[in-house]
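The values are calculated or read from the model by the stated rules, or taken from the named source; none is laboratory data. In this text the structure is predicted, and so the values were computed from the model without any measurement. Reconstructed Cβ throughout: ideal geometry from the backbone, glycine too, with neighbour counts over all protein chains shown. Heavy atoms of the whole protein, side chains included, go into the accessibility calculation; ligands, DNA and RNA do not. Shrake-Rupley method; radii C 1.70, N 1.55, O 1.52, S 1.80 Å.
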Amino acid sequence: MDSVSHPRGVERLVSGQATSDGAGVQLTRLLTQDLQRRLDPFLMLDNFASDDPDDYGAGFPDHPHRGFETVTYMISGRMRHRDSHGHEGLLQNGGVQWMTAGRGLVHSEMPEQEHGVMEGFQLWLNLPARDKLREPWYRDIQSAEIPELRTPTGVTVRVIAGTCQGVAGSVQREGTEPLYLDLHFDAASGAAFSQPLPPAHNAFICVYRGALEVVDAAGRATPVPRGRMAVLANAGDGVLLRPAAGSPEPVRALLIAGKPLREPIAQYGPFVMNTRDQLLEAVEDFRNGRFG
Ligand code: FE2
């Protein structure tokens, strides 16, 4: 059994920035550029959630990426992916798309619904310098394929990446060792969840239903309301989470952690490299149609 004796506290609560991306999709950027160093190897986390087609209908027409991975988790809704390497897939309700942009691709992410709720997250995970120009890779993981476990305390855990209580997730990565868990707490009080985390790994949680508490080594509980991201302090051997007293609904939250690369980060829009020269080369390659 995994045990945690000195759980990490909350270093900072983040409410994110309302923004629009693609052809005008309204979203909240929870992990913004100023947090890239602190949350290395993660570069961005966007949350989209709306039942108004005006907020999402225009989608993300053709655009390039180079140098990192995108992980899209669709809580609700349908989105069609097509890329310049011939991959195509339908991302829907509870499914994940894991895409390694590597040396470069052009893709589109377009809603395949005209009404109803579209809700989900897109995470950008950096690649180590040695892998930035690797061949692109893509995998659609349907909801039913995502490994799940249920704790005795009443928490259902969907293991998207990394390992939880001996259950290996859908994706493993050597360089950044990402952990990506979707936690569904039972409504009953007492449902708690703990997860060991190496102190060097940067970690955060993102609450998307109800209200959660992070309990630190001194027993202090920091509430994290719906829609917020909590950056976890690195001191400690893991994290201890439980629903906040009076949470208005059963809690759902993402727990994301990874091993920092500690390499220079140079970003120009959808290109994330290590140096400015590599960015110029990316723009040049893209303009000359060398993204395949
Ligand atoms: Fe994209």
Max mean-square fluctuation residue, GNM over the chain, Cα-Cα springs under 10 Å, options GLY94, GLY59, GLY246: GLY246
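Within the accessible area of the chain, what % is carbon and sulfur when the probe is 1.4 Å and the other protein chains stay in place?
Carbon and sulfur together cover 48 percent of it.
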Reciprocal mean inverse distance between Cα atoms of the chain - Kirkwood radius, Å: 19.4
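Just check the stretch 34-138 against the gyration tensor rule for me: Cα atoms, a ≥ b ≥ c as the square roots of the eigenvalues, rounded for a/c under 1.5, and otherwise prolate or oblate depending on whether a/b exceeds b/c.
Oblate is the answer for the stretch 34-138, as a/c is 1.5 or above yet b/c matches or exceeds a/b.
Counting Lys +1, Arg +1, Asp -1, Glu -1, what net charge surrounds GLN172 among other residues with beta carbon under 15 Å of its beta carbon? Can you show the working numbers first?
Values: positive: ARG139, ARG173, LYS259; negative: GLU69, ASP131, GLU145, GLU174, GLU177.
Residues close to GLN172 contribute a combined charge of -2.
Can you give the calculated 222 nm mean residue ellipticity of the chain, where each DSSP H run of n ≥ 4 adds -39,500 (n - 2.57) and the sum is split over every residue, rounded to the nearest 500 deg cm²/dmol? Walk me through the numbers on the way to the answer.
Working: 2 runs with 16 residues, N = 292.
That comes out to -1500 deg cm²/dmol.
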Under the Karplus curve 6.51 cos²θ - 1.76 cosθ + 1.60, θ = phi - 60°, whole-Hz ³J(HN,Hα) for the stretch 196-212, x wherever Gly or Pro sits: x, 9, x, x, 6, 7, 7, 8, 8, 10, 9, 9, 10, 8, x, 9, 10
Approximate spin-label separation ALA144-ALA18, in nm, with each point projected 7 Å along Cα-to-Cβ: 4.0
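With a/c under 1.5 counting as rounded, go ahead and sort the stretch 67-106 into rounded, prolate or oblate using the C-alpha gyration tensor (a ≥ b ≥ c being the square roots of the eigenvalues; past the cut-off, prolate if a/b is larger than b/c, else oblate).
oblate
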Heavy-atom surface of the stretch 96-169, accessible at 1.4 Å and reported per residue (Å²): 39
Long-range HN-HN contacts of GLY95 with modeled amide H, under 5 Å: MET74, SER143
Cα gyration tensor category, rounded, prolate or oblate, for the stretch 69-215 with a/c compared to 1.5: oblate
Amide hydrogen neighbours beyond the local backbone of ARG134, cut-off 5 Å, H modeled: ARG103
Surrounding net charge for MET229, when Lys and Arg each add one and Asp and Glu each subtract one, Cβ distance under 12 Å: +3
Phi to ³J(HN,Hα) by Karplus 6.51 cos²θ - 1.76 cosθ + 1.60 over the stretch 101-106, Hz, x for Gly, Pro: 5, x, 5, x, 8, 10
Estimated inter-spin distance, ARG134 and ALA58, nm [label 7 Å along Cα→Cβ]: 3.5
Positive minus negative residues near VAL251 (Lys, Arg vs Asp, Glu; Cβ under 10 Å): +1
Alpha-carbon centroids, the stretch 47-77 and the stretch 262-292: separation in whole Å: 22
Table column - 3J(HN,Hα) (Hz), the stretch 80-90, Karplus curve with 6.51, -1.76, 1.60, x for Gly and Pro: 9, 10, 9, 9, 6, 9, x, 7, 9, x, 10
